[in-house]
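So the structure is just underneath, and the comments pick up after that.
The values are calculated or read from the model by the stated rules, or taken from the named source; none is laboratory data. Note that the coordinates shown come from a computational prediction; the quantities given were computed from them, not determined experimentally. Please note: Cβ atoms are built from the backbone with ideal geometry, for glycine as well, and neighbour counts cover all protein chains shown.
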Amino acid sequence: MTQPTYAPFKEPSFKGWIGIGREDITPPAGIYARNWGAAKHEVASGIHLPFTLTAVTFQNGEGESPLLLISADLGWWKSAEDERQLREGILQALSLQPFQLMFCLTHTHAGPSTFTEDVNKPGGHLIAPYLERVQQAAIAAAKNALKTAKHATLTWHYGTCDLAKNRELPELGTDRIITGLNPAAAADNTLLVGRITDAQQVIGTIVNYACHPTTLGADNQLLSPDYIGAMRALVEAATGAPCLFLQGASGELSPAEQYSGDTSLADQYGRQLGFAVLSTLEAMLPPDQALFFTGVVESGASLAMWNKGAYAANTVVKGEMTAVALPLKELPSLAEIEAAWAACEDHVIKERLWRQRGIRKTIGDGIVSEMPLWVWRLGDTILAGQPNETYSAFQQELRALLSPVAVVVMNIVNGYAGYLPPVEAYSRKSYAVWQTPFAPGALELLTASAAAISQRLILST
């Protein structure tokens, strides 16, 4: 008769062929980079830290068709056509299907414009050549990742970092919500770190954290990856391996002090997150090991003994892309927005209308918009990516539903349209509620779809 025992204590992991590629995508000084309505400058005057593009490939066997995860130090897309042209060029060059690629933006607000229709603005002539360079960098990084792929283990561990704060502050004396630190509201401080190791050493790390990179604001004239740059430098110096950052569900999350012209503040925040990442890495078990219950030792107390032992990591690789029909608010037509923009003389309002125009072109003129959703399974891990800015409820609910599976959640993947606040947020007069084209209930529909696909993938073999 088999003696009853405890299940091993293990960390979510995946074992297969994993490759990593890295390219520099630092934009040229002088490129159009007016990301803030309050800004007084149009072009970037210099560089704070390098911009990078990092690609990681996952295969369950050498030579098998991969899943390709890319992270690039860029802000967001104002044009569906610009994004589609870049992504389809990558897919074609690598002979991949749409479900096999997630191109993620770190969401820096101190980057260049990615909108080719800004061509006639100061420095706008540099945008199209820069996007072509980013596309070629992505192809090169992916090819290098596939060429150098190794049999490796990806292990995940949850940590915490209190960099992220709630950024929806009720304005005193009004019913308006202003975008900045709300000390009275809770914020999701969950940090998820992935460690990639081959037979000898760490060959890469993945950091999934939700916090708006809005440290640098209208007074900053330097191109910068914001806090992500200093975080990456710290982690890479400690591990000797590339670090890929994935922006989480940060719709209502940001640093406490922000909109600054001081790049040292972004560096401070990057170190704060970087040391939290290193702490989380130190908490991990060795690769391909778990803790096994080995019995009781009687001492002053009855001691439960757990010891490390070999553990075979999961090798499943699966991916899906689906379209989720999200309801839209009543919105002005594209023609109405363009007419209002042409007549407007207020620079701040004109910038808002220009962004609204891009959103309307992306979502179309219907009452619903088909928004893509990518769900991948890598061993004991789910990766869920979508184009919009979901609030943290999205990642919190998925992680609660799918535990003990690790859940990587990514905003601004393969496109962009707007915010996805929870239903209760629509009663508040916030920027996100004003900006979003989506009606109440859209986030909940997306969450239900992501959960259903994830659960099916977890149960499949």
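Residues to consider are 390, 381; find the one that is among the hydroxyl-bearing types (Ser, Thr, Tyr), surrounded by 20 or more Cβ atoms within 10 Å (Cβ to Cβ), closer than 19 Å to residue 154 by Cβ and modelled with pLDDT of 95 or more.
Testing whether each residue is among the hydroxyl-bearing types (Ser, Thr, Tyr), surrounded by 20 or more Cβ atoms within 10 Å (Cβ to Cβ), closer than 19 Å to residue 154 by Cβ and modelled with pLDDT of 95 or more leaves just 381.
Only one of (1) among the polar types (S, T, N, Q); (2) in contact with a Gly (Cβ under 6 Å, 6 or more places away or on another chain); (3) in a strand (DSSP E or B) is not met by residue 205, so which one is it?
Residue 205 satisfies all of (1) among the polar types (S, T, N, Q); (2) in contact with a Gly (Cβ under 6 Å, 6 or more places away or on another chain); (3) in a strand (DSSP E or B) except (2).
Given the condition assigned to a helix (DSSP H, G or I) and free of Cβ contacts under 8 Å to residues at least 60 places away in the same chain, answer yes or no: does some residue in region 256-264 qualify?
Scanning region 256-264 turns up at least one residue that is assigned to a helix (DSSP H, G or I) and free of Cβ contacts under 8 Å to residues at least 60 places away in the same chain.
Counting only residues that are assigned to a loop (DSSP other than H, G, I, E, B) and more than 20 Å from the chain's Cα centre (by Cα), which one in region 411-437 is farthest from residue 90 (Cα to Cα)?
428
Every residue in region 91-139 that is charged (D, E, K, R) and surrounded by 23 or more Cβ atoms within 10 Å (Cβ to Cβ), please.
Within region 91-139, 118 is the sole residue that qualifies.
If you scan region 208-224, which residues turn out to be assigned to a strand (DSSP E or B) and within 14 Å of the chain's Cα centre (by Cα)?
Once the filter is applied, which keeps residues that are assigned to a strand (DSSP E or B) and within 14 Å of the chain's Cα centre (by Cα), region 208-224 yields 208, 209.
Quick one: is residue 362 under 22 Å from residue 114 (Cβ atoms) and either surrounded by fewer than 20 Cβ atoms within 10 Å (Cβ to Cβ) or within 25 Å of the chain's Cα centre (by Cα) (or both)?
yes
Does residue 332 meet the test of being more than 19 Å from the chain's Cα centre (by Cα) and closer than 28 Å to residue 196 by Cβ?
In short, no.
Please count how many residues of region 309-334 are surrounded by 14 or more Cβ atoms within 10 Å (Cβ to Cβ) and closer than 15 Å to residue 6 by Cβ.
1
Give the number of residues within region 46-57 that are part of a strand (DSSP E or B) and touching a Pro at 6+ places or on another chain (Cβ under 6 Å).
2
Is one or more of the residues making up region 375-384 in contact with a strand residue (DSSP E or B) (Cβ under 8 Å, 6 or more places away or on another chain) and assigned to a helix (DSSP H, G or I)?
There is no residue in region 375-384 that is in contact with a strand residue (DSSP E or B) (Cβ under 8 Å, 6 or more places away or on another chain) and assigned to a helix (DSSP H, G or I).
Tell me, yes or no, whether region 225-239 has at least one residue that is among the acidic types (Asp, Glu), under 19 Å from residue 189 (Cα atoms) and in a loop (DSSP other than H, G, I, E, B).
yes
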